[in-house]
Amino acid sequence: MLKQENYRAMQIDRPEPGIVVVTLNRPERLNAVNGTLHAELARFSRDFGNDREARVLILTGAGRAFCAGGDFSPGDPIGANPEGPNLWVEARQIVDHILECEKPIISAVNGYAMGLGANVALLCDVVIAGPNAVFADTHVNMGIGAGDGGQVIWPFLIGVNRAKYYLMTGDRVTAREAVDMGLANFYVDTTEGLMPKAMEIARRLASGAPKAITASKMAVNAYLRSVSSMIMPMCLKYEEVTMASEDHREAVAAFQEKRAPKFTGR
């Protein structure tokens, strides 16, 4: 069951019977993923799946962003949780546990959804983009291969060649563009209208036949799960190798120094 006492980087709310809202809650860092949030992303969907009181989950971000991707500031690095699995097992769980969840998950995307944040949003069953939403898999900008589910979900939503372009460049996609190309389901033209739209859809799904909804989404997710099982080991291995590269160290230094990186291919 989703209980607030088990989460530090997520806010758990239950605005109405059957509906739970999970808010990524590091607004001072644009909800960037540190070690704590990474671990919680790996288990929130499973806890939701086991929560008998919840039928639909809305995932959103506090403040000006949905999630700005990985947090490369010192303090609580991803994969440093001594009580949890290692970084690569946890990264795999984030993707697979969302795809294995039998109940509907809606992402309400406010502001930046970058890197891992973009992929978590897009792996949800329904994606709603607010007027300031921006999607991008920015791993390459940090000298890292796109290993957090981007190669699973982007080609499925927008096609292989278009997905490869965005994964290789890290280019940004606006909210309207995301809906036009199939990354997102709905565009909301005001920030104030984002959560009401998400609640409208959540209510509709919460009032539906749970078994029929599960049967309808899980057959589609079975395809995504088969793709994940085939390519995620390769994605994560490439990501691990590139994280040990000089280019990645240069990208982190450039990020912290607020300058453009100079990649050398080493």
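Here, each number is a calculation from the coordinates, and none is a lab measurement. Bear in mind that the values here come from a model prediction, so they are computed numbers and not experimental data. Counting neighbours? That spans all protein chains shown, and the Cβs are built from the backbone with ideal geometry, glycine included.
State, as an integer percentage, the relative contact order of the chain based on alpha-carbon contacts under 8 Å between residues 6 or more apart.
Working: 543 pairs, mean separation 45.6, N = 266.
Rounded, it is 17 percent for the chain.
Report, in debye and to the nearest 20, how large the dipole of the stretch 132-232 comes out about its Cα centre when Lys and Arg carry +1 and Asp and Glu carry -1 on their Cβ.
Values: 10 positive and 8 negative charges, 87 e Å.
I would put it at about 420 debye.
About the Cα centre of the stretch 67-153, what is the dipole size in debye to 20, counting +1 per Lys and Arg Cβ and -1 per Asp and Glu Cβ, all else neutral? Present the calculation step by step, with values, prior to reporting the outcome.
Details: 2 positive and 10 negative charges, 44 e Å.
Dipole size: approximately 220 debye.
Quick check on the stretch 4-193: of the DSSP beta bridges with both residues there, what percent are antiparallel, nearest 5%? Spell out each step's value before the answer.
Details: 7 of 29 bridges.
Percentage antiparallel, nearest 5: 25.
If you plug each phi of the stretch 246-254 into the Karplus form 6.51 cos²θ - 1.76 cosθ + 1.60 with θ = phi - 60°, what whole-Hz ³J(HN,Hα) values come out, in order, with x for Gly and Pro?
5, 4, 5, 4, 5, 5, 5, 4, 5
Residue by residue through the stretch 177-185, what is 3J(HN,Hα) from phi via Karplus (6.51 cos²θ - 1.76 cosθ + 1.60, θ = phi - 60°)? Round to whole Hz and write x for glycine and proline.
After applying 6.51 cos²θ - 1.76 cosθ + 1.60, I find 4, 4, 5, 4, 8, x, 6, 10, 7 Hz.
Dipole size in debye (nearest 20) for the stretch 4-193 around its Cα centre, Lys and Arg Cβ +1, Asp and Glu Cβ -1? Write out the running numbers ahead of the final one.
Details: 15 positive and 23 negative charges, 56 e Å.
The calculation lands at about 280 debye.
Which of the listed residues, ALA91, GLY208, LEU116, is farthest toward the dipole's positive end in the chain, when Lys, Arg count +1 and Asp, Glu count -1 at the beta-carbon?
Going by the charge dipole, the pick is GLY208.
Using a Gaussian network model of the chain whose springs link C-alpha atoms within less than 10 Å, name the residue from VAL33, VAL120, VAL220 with the highest mean-square fluctuation.
Largest GNM mean-square fluctuation: VAL220.
Taking all pairs of distinct Cα atoms, average 1/r, flip it, and tell me the Kirkwood hydrodynamic radius of the chain in Å to one decimal place. Could you put the intermediate results ahead of the total?
Numbers: mean 1/r = 0.0542 Å⁻¹.
Result for the chain stands at 18.5 Å.
Under the rule of -39500 (n - 2.57) per DSSP H run of 4 or more residues, summed and divided by the residues of the chain, what mean residue ellipticity at 222 nm is obtained, to the nearest 500 deg cm²/dmol?
Result for the chain: -14000 deg cm²/dmol, rounded to the nearest 500.
Counting other Cβ atoms within 10 Å, which trypsin sites (Lys or Arg not before Pro) in the stretch 55-161 have at most 15 and lie in a DSSP loop? Let's see the in-between values first.
Numbers: sites: ARG55, ARG64, ARG92; in loops: ARG64.
Here the sparse-neighbourhood loop sites are ARG64.
Where the centre of each part is set by its Cα atoms, how far does the stretch 217-266 sit from the stretch 110-149, in angstrom?
Between the Cα centre of the stretch 217-266 and that of the stretch 110-149, the gap is 13 Å.
Please enumerate, by chain and number, the lysines with C-alpha under 19 Å from the C-alpha of LYS237, excluding those fewer than 8 residues away in the same chain.
List returned: LYS164.
Under the rule of at least 5 residues apart or a separate chain, name every residue whose amide H is placed under 5 Å from the amide H of ALA133.
Hits under the 5 Å cutoff: GLY111, ALA175.
Rounded to whole Hz and in sequence order, give me ³J(HN,Hα) for the stretch 109-126 from the Karplus expression 6.51 cos²θ - 1.76 cosθ + 1.60, θ = phi - 60°, writing x for Gly and Pro.
9, 10, x, 5, 10, 10, x, 4, x, 4, 5, 4, 4, 6, 6, 5, 6, 10
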